[in-house]
Amino acid sequence: MIPSNSASVASAALLGELLRRRRQMAMGRRQMAMGRGGPRAALSRACLSVVSVCRRRRRASGRRSSRMQKISVLLFLAWVSFLFYAGIALFTSGFLLTRLELTNHSSCHEPPGPGSLPWGSQGKPGACWMASRFSRLVLVLVDALRFDFAQPQPSHGPGEPPVSLPFLGKLNSLQRILEIQPHHARLYQSKADPPTTTMQRLKALTTGSLPTFIDAGSNFASYAIVEDNLIKQLTNAGRHVVFMGDDTWKDLFPGAFSQAFFFPSFNVRDLHTVDNGILEHLYPTMDGGEWDVLIAHFLGVDHCGHKYGPHHPEMAKKLSQMDQVIQGLVERLENDTLLVVIGDHGMTITGDHGGDSDLEISAALFLYSPKALFPRVPPKEPEIVPQISLVPTLALLLGLPIPFGNIGEVMAELFAEAEDSQPHSSALAQASALHLNAQQVSRFLHTYSAAAQNLQVKELHQLQNLFSKASADYQRLLQSPQGAEAALQTVITELQQFLRGVRAMCIESWARFSLGRMAGGAALLAAACFLCLLVSQWATYPGFHPLLLTPMACGLASTIVCAGLLATTGLKLDPVVLGAMAAVGSLLPFLWKAWAGWGSKRPLAALFPIPGPVLLFLLIRFAAFFSDSFVVAEARATPFLLGSLILLLVAQLHWEGKLLPPKLLTIPRLCFSASAGQPRHSGTHALGLGVGLLLCIRLAGLFHRCPEETPACHSSPWLSPLASMVGGRAKNLWYGACVGALVALLAAVRLWLCRYSNLKSPEPSVLFVRWGLPLMVLGTAAYWALASGADEAPPRLRALVAGASVVLPRAVAGLAASGLMLLLWRPVTVLVKATTGTPRTRTVLTPFSGPPTSQADLDYVVPQIYRHMQEEFRGRLERTKSQGPLTVAAYQLGSVYSAAMVTALTLLAFPLLLLHAERISLVFLLLFLQSFLLLHLLAAGIPITTPGPFTVPWQAVSAWALMATQTFYSLGHQPVFPAIHWHAAFVGFPEGHGSSTWLPALLVGANTFASHLLFAVGCPLLLLWPFLCESQGARKRWQPLGNEAEARVRPEEEEEPRMEMRLRDAPHHFNAALLQLGLKYLFVLGIQILACALAASILRRHLMVWKVFAPKFIFEAMGFIVSSVGLFLGIALVMRVDGAVSSWFRQLILAQQR
Amino acid sequence: MKDTDIKRLLYTHLLCIFSIILSICIPSFFLENFSILETHLTWLCICSVFVTAVNLVLYLIVKPNASSKRSSISYKVTRFLKCCIYFLMSCFFFHVIFVLYGAPLIELVLETFLFAVILSTFTTVPCLCLLGPNIKAWLRVFSRNGVTSIWENSLQITTISSFIGTWLGAFPIPLDWERPWQVWPISCTLGATFGYVAGLVISPLWIYWNRKQLTYKNN
């Protein structure tokens, strides 16, 4: 094998010997072609002789400064990211609102307002503001019991087909009770306030207030409620509260229950543990009688929705079980007991919840009492009540004070005395309940507006006027009880008007923004974007790097000074504001200094280097964030933009004449000057790449998930896990396809590594790629097999299956982590072969075919002679220094950076893939394929500027960022909370996580932002790929060399493809290019987050702000953070490889000298 | 380059615009309930036929490039057949491109195909008329410095502006204005038409303004 090196590494240098040597060379190549199976393998290395290594040594002092440069580049990137973070944090603190939580409590002895309590009820035992009507309460909370689940179905005749939907008409006992005992029971449609997540709903259902948007994120860790609530009132009154079910209550009400049976709630895949646990304790507890209030929170319906969706037969089973529960309870109820069956929220047609669509906010509410409760029969269509109305109603029915912060309105119907036939006293009772309620709400308003200034003064004033009028009317009525019916009705209407007005005002006001912070945050973001743009332009100018570190010092100093000043004055300051001040404090000096140094000398136009078409694309993308329709349709708009950009690239290549070989285009009389540069790709190649990319994008678009705003759209059925499939055969086929995708991914990566490097190096990371990756594939496939068929496993294998589904994902993740560690430890995967007997000097080969005949030949010979003499001279110098007669052939040195990047990306992709549903693996395959195609296409348009400066054009960076967004959607995500794949938290942890919250958050985050992470880490490939493609161009020219007759080739083609070593040859430019690349990527992402922030602030009163713009901003902000971290890691990895290559060279020299 | 050439170019372009206007006006006399939005597909067919016919007639009258030396009947017939095949191929090609860009694959096939036909009418038919079934010449015209006459220059401008119009036409589709013209592919076909008309108007003017700078290698 070795002789082939002699031909390609070096040869004798005399001009006279050239002819002979050319023959040798061709011979050597022919051997190589036979021995190695084609020229391809040989080309996959870049060979360096010791001479060039020694030449490097003279730069040893330069290396140290290079390391400083690397550190300063990384620090600068971190600083720019920090600027963005500070902007995001400042904006978020002004935009996402929080409600002030008051800790005041209502108490029995303290009536909510002046005036006597009705009927002097304080005297009665067990009564507070009103006499209690029920001494006991059974509250059955069926999570996600949507209204139509409980809705009575019209009875169908014998001929009609029965209702086919699995969730309809399963709660028969409700229907029966409503028909038989219309005065005892009532079904309502309760409207929950968004966010419709369980914890927020529990808070609302006990405090009677409106938990705000910012709470939505803390659903993983629910914390104790500090506001006044029903449970606290019950315990204060000395009632025995027994709880069973969802353990979220444990965190919300620690130590409040006299007896409690908690079951883990987080495992949404588990349909039965909680429900069966409750059923085990429910009836014994009820019969035992040691309780006043019994709360049972069933989770099965919700989990069934999450796992299968409402349209699955499993939902029918679950609802039938709930029906039996209700039936059993009704049979056991005693006369003084009220039964409440309530759903805390609904679910979408896919079984998710969290948003504010109609299906999510409509929940069922069913009341039943063994004694007659309602004066009238239920209306045909169930009444709609706000969910929080239940709080004051229950409080007054049980004889408790209404919780202090409640803004719900009592359901007046329940306070009409049913047995009392007198309509007047019934209406009076309703009015008194409403009055108490209104007094309490008015007291709360008064306290709240004193504590926090965010209620609107004018409306508050109006409402207070309304209340005082209604209150006066009520008092007048009490003085003269013989008043007319009409007056009573007016009072009731006024009170209700007041209560509804308060609720509307609170909803409005708790969406109040801090405009100053929002503007500040947006300005900071804009400034950071501007900085990225400027510095990405300046980065390639020489002498820029020393400036990079100053802003950090400035910022740090100013922050410390500020913090010190504030500490001495004793002012408490937000960390957010402090961070923003630090950002501004470092940004301004930097800009000023940079302007003084560079900007004033150069024309401003040169500072905005984005070419026109790309600027147009960026502008379109920027503008699209301001339209809710485009944000909703982003899943379709992004592939469209990406496809347009790709076709534009291809068209541009064609326009520049690089797409097709010039001979096809030249017409005889037309001299083609544009095609001076040799095209590195043939035309059909680039065109094929473009079409292939479009095809990939379109195929990936098949895995889309519909936003809930477009009802006509149907989500792809392929996003659901295989376990939810019913058909056995289809399941097996899909499973085969998924495993096929895995194997194809593995094979593609190995093929790539084989082609650009050889996998024969004994380095540990190469060994890992050869053996560890197949193991990971095997583990993933086995895990999928278990996960998709776990329910069908025979009982005796259950334990084994459960164990394996814990171990396998963790093993894959562990393997990936160890692979990454290995890669970081030994990133240089170079196979070194020492060759003896070859000439030592590295000379440029000079094919020469006789004396110069033309001017062109002369032009080309003279420099050759000069270079040859130079080499010769240098060689003499080297000889005096190093004694080594060895030449070293290093394989795959030319792809050392990108090989490490691709390995790292593959290792990252596998655990991420495991977090997704099985069929998403096809999208991962497409992801790798399309990024490969895009890199090739981009490489076709990027010229290699050999000595530097290296740049990555804007269109490459924009296309890369667009592709990251497009992949985000094709992985089945949508930027809304209900669409988050919560299942990801259970991969490897089927039993849930106990109390830890960061691990599930990490898993879910990794699932959601997988594409952001992969593309950000892979970003340096944009810089590396054109150099990698250099070898391809060379290969095309090398192939005809087998035939000696065709051996007439031009001089630059004879050179080794140095590939990525070109980057190493100019470390200064390499670092600058990395910095520039990072800043460009941050800019493209930065204008997205800036657009989101601006859209959210400008359209903050838009109908869609909470549904579209706010979630989009949060997702974009999280995506930015993930991307910037990934980018930092990617660039750091390249630098680590660079450092390792340096030390590898150093070792090589030492070995040579010995 | 003479001013008369530019004048001829302008007149032919005005005739093309006129044909589009005719395709909107004339059918309403013969067909009941004809309107661009309601009976969009009919209009597409009519417009396509009108524009093709006017292009052919103008080509035969004006003869912008020197007629080829061979003028046997069989040569003309094969050339014509080749043109038809090229036209069909370009229709299918555009259809595929639309689907790749996100058009529905199975539903609305007829609409998508007619859209491809109208775009082919605006772009491929002028190319066929002017350059003949000669892909190499097409590729030459659509690259830098590849234009050899004002006719080719105007062809370049109208074709590119038709494409840009089509592309811009896709933007209103996701908006929630609920207008009848937002339905696929009406906004795109309208965009293509506007782009074509704009190209027809712009190209003589542009050539007129830049007549000093434009030097064609073989003129």
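Tally Lys and Arg at +1 and Asp and Glu at -1 over the other residues with C-beta under 15 Å from the C-beta of A:F768: what net charge comes out?
Charge balance near A:F768 sits at +3.
How many square angstrom of accessible surface are buried between B and A, both sides summed, with a 1.4 Å probe and rounding to 100? Show your work: numbers first, answer last.
Details: alone 12970 and 47260 Å², together 57720 Å².
For B against A, buried area totals roughly 2500 Å².
At 7 Å along Cα-to-Cβ for each site, give me the label-to-label distance between A:L800 and A:Q475 in nm.
For A:L800 paired with A:Q475, the spin-label model returns 8.1 nm.
Run the accessible area of the stretch A:550-597 with a 1.4 Å probe and give the carbon-and-sulfur part as a rounded percent. Could the numbers behind the result be given before it?
Numbers: 2270 of 2780 Å².
Solvent-exposed carbon and sulfur of the stretch A:550-597 make up 82 percent of the total.
Quote the relative contact order of the stretch B:121-175 in percent (integer), defining contacts as alpha-carbon pairs under 8 Å separated by 6+ residues.
Rounded, it is 34 percent for the stretch B:121-175.
For chain B, compute Rg over Rh where Rg is the Cα radius of gyration and Rh is the Kirkwood radius from the inverse mean 1/r over Cα pairs.
Computed over Cα atoms, the ratio is 0.98.
Using the structure shown, select from A:K250/A:K307; A:K380/A:K1107; A:K203/A:K250 the pairs with a Cα to Cα distance greater than 22 angstrom.
Checking Cα-Cα distances, A:K250/A:K307; A:K380/A:K1107 exceed 22 Å.
Stretched out fully, how many nm does the piece from A:L566 to A:R176 gain, at 0.36 nm a residue minus the Cα gap?
Working: separation 390, 0.36 × 390 = 140.40 nm, distance 6.84 nm.
Stretched out fully, the A:L566 to A:R176 stretch lengthens by 133.6 nm.
Let me confirm one metric for peptide B:98-104, namely the mean number of other chain beta-carbon atoms within 10 Å of its residues' beta-carbons.
5
Counting pairs of alpha carbon atoms under 8 Å apart in space and at least six apart in sequence, what relative contact order in percent does the stretch A:550-597 give?
57
Fully extended, how many nm does the chain gain between A:E101 and A:K760 (0.36 nm per residue separation, minus their Cα-Cα distance)? Provide the component values of the computation, followed by the final result.
Values: separation 659, 0.36 × 659 = 237.24 nm, distance 6.49 nm.
So the extension gain works out to 230.7 nm.
Counting Lys +1, Arg +1, Asp -1, Glu -1, what net charge surrounds A:S970 among other residues with beta carbon under 15 Å of its beta carbon?
+3
Taking a probe of 1.4 angstrom, what is the accessible area of B:W181 in Å², to the nearest 10?
80
Taking the simple approach of a point 7 Å from Cα along Cα-to-Cβ for both B:I97 and B:V201, what is their distance in nm?
Placing both labels 7 Å beyond Cα along the Cβ direction yields 2.4 nm.
Tell me, what is a quarter of the convex hull surface for the C-alpha atoms of the stretch A:550-597, in nm² with one decimal? Don't jump to the answer; show the numbers that get you there.
Values: hull surface 12.5 nm².
Averaged projected area of the stretch A:550-597's Cα convex hull equals 3.1 nm².
Using 18 Å as the cut-off for backbone N distance, which residues of the stretch B:165-185 belong to the label zone defined by a point 7 Å from the Cα of B:E38 along Cα→Cβ?
Within reach of a label on B:E38, which here means backbone N under 18 Å from a point 7 Å along Cα→Cβ, the stretch B:165-185 contributes B:179-183.
Work out the mean other chain Cβ neighbour count within 10 Å for the residues of B:166-177 and drop it here as an integer.
Neighbouring Cβ atoms belonging to other protein chains average 4 per residue here.
Could you check the spin-label model distance between A:L168 and A:H272? Points 7 Å from the Cα along Cα→Cβ, value in nm.
2.9
Can you give the FRET efficiency to the nearest 0.05 for A:T710 and A:L1002, using r as the Cβ-Cβ distance and R₀ = 30 Å?
Plugging the Cβ-Cβ distance into 1/(1 + (r/R0)^6) gives 0.45.
What length, rounded to one decimal in nm, is gained on full extension from A:A748 through to A:S425, with 0.36 nm per residue of separation minus their alpha-carbon distance?
Value of the extension gain: 108.1 nm.
Over 20 Å between Cα atoms, which of A:K317/A:K371; A:K170/A:K318; B:K7/B:K76; A:K191/A:K458 qualify?
From A:K317/A:K371; A:K170/A:K318; B:K7/B:K76; A:K191/A:K458, over 20 Å: A:K317/A:K371; B:K7/B:K76; A:K191/A:K458.
Taking a temperature of 20 °C and a viscosity of 1.002 mPa s, what whole-number D in µm²/s does Stokes-Einstein yield for the stretch B:113-166 with Rh from Kirkwood over alpha carbon pairs? The partial results should precede the final answer.
Numbers: Rh = 11.3 Å.
Rounded to a whole number, D works out at 189 µm²/s.
Tell me the angle of helix B:186-209 to the major Cα principal axis of chain B, expressed in degrees between 0 and 90 and rounded to the nearest ten.
20
How long are the semi-axes of the equivalent ellipsoid of the stretch A:351-401, defined as square roots of 5 times the Cα gyration tensor eigenvalues? Whole Å, largest first.
One finds semi-axes of 25, 17, 9 Å for the stretch A:351-401.
For A:L549 and A:V457, what does the FRET efficiency come to when R0 = 51 Å and r is the distance between their Cβ atoms, rounded to the nearest 0.05? List each step's numbers first, then the result.
Details: r = 51 Å, r/R0 = 0.99.
For A:L549 and A:V457, the calculated efficiency is 0.50.
The values are calculated or read from the model by the stated rules, or taken from the named source; none is laboratory data. What you see is a predicted model; the values in this text were computed from it and never measured. In this analysis, Cβ positions are derived from the backbone assuming ideal geometry, glycine residues included, and neighbour counts consider all displayed protein chains. Protein only, heavy atoms only, side chains kept; ligands, DNA and RNA dropped before computing areas. Shrake-Rupley method; radii C 1.70, N 1.55, O 1.52, S 1.80 Å.
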